[in-house]
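Worksheet for the structure shown next.
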Amino acid sequence: MLIAPIGQEFRFCNGRASGNLMDFLSVLKTLSLGDFSYHVNSEKNDFFNWIFYSLNERGLAGKIKNLKTNAAFIRSIGTFLKKKPKA
């Protein structure tokens, strides 16, 4: 399971936090459109930044970099987690 270093958990604008990719995906599934748009819009992609810099998962980050919908993020991260070998 991909785990962020202590202090680098993802903090959603709705007050929730995730320290690993599985929990992150669970929160993504509950985000409102407004909360999603706060993190991913024409000016920024907080999800890409966290996955790239905090989780150091450059392959997945590249796949989600240009996604624009919550459903697309959920699909891409879910597929990644299914294919990731269990530690």
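Bear in mind that the values in this text are calculations on the coordinates, not laboratory data. Bear in mind that the values here come from a model prediction, so they are computed numbers and not experimental data. Glycine also receives a Cβ, built like all others from the backbone with ideal geometry; neighbour counts cover every protein chain displayed.
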Exercise for the section: Tell me the trypsin sites (Lys or Arg not before Pro) within the chain that lie in a loop according to DSSP and have at most 10 other beta-carbon atoms within 10 Å. Expected result: K86
Exercise for the section: Report the relative contact order of the range 36-75, percent, no decimals, based on alpha-carbon pairs under 8 angstrom and at least 6 residues apart. Expected result: 31
Fill in the blank from the handout: Residue span I6 to A71: 0.36 nm per residue of separation minus Cα-Cα distance leaves a gain in nm of 20.6 nm
Exercise for the section: Normalise the Cα radius of gyration of the range 36-75 by 2.2 N^0.38 Å (N = residues in it) and let me know the number. Expected result: 1.05
Completion exercise
So N56 and E43, fully extended at 0.36 nm per residue minus their Cα-Cα distance, gain in nm 2.5 nm
Handout entry: Extended-chain gain in nm, criterion 0.36 nm per residue less alpha-carbon gap, T79 and S26
Key = 17.7 nm
Exercise for the section: Kindly provide the GluC sites (Glu not before Pro) of the range 5-87 that DSSP labels as loop, not H, G, I, E or B, and whose Cβ sees at most 15 other Cβ atoms within 10 Å. Expected result: E43
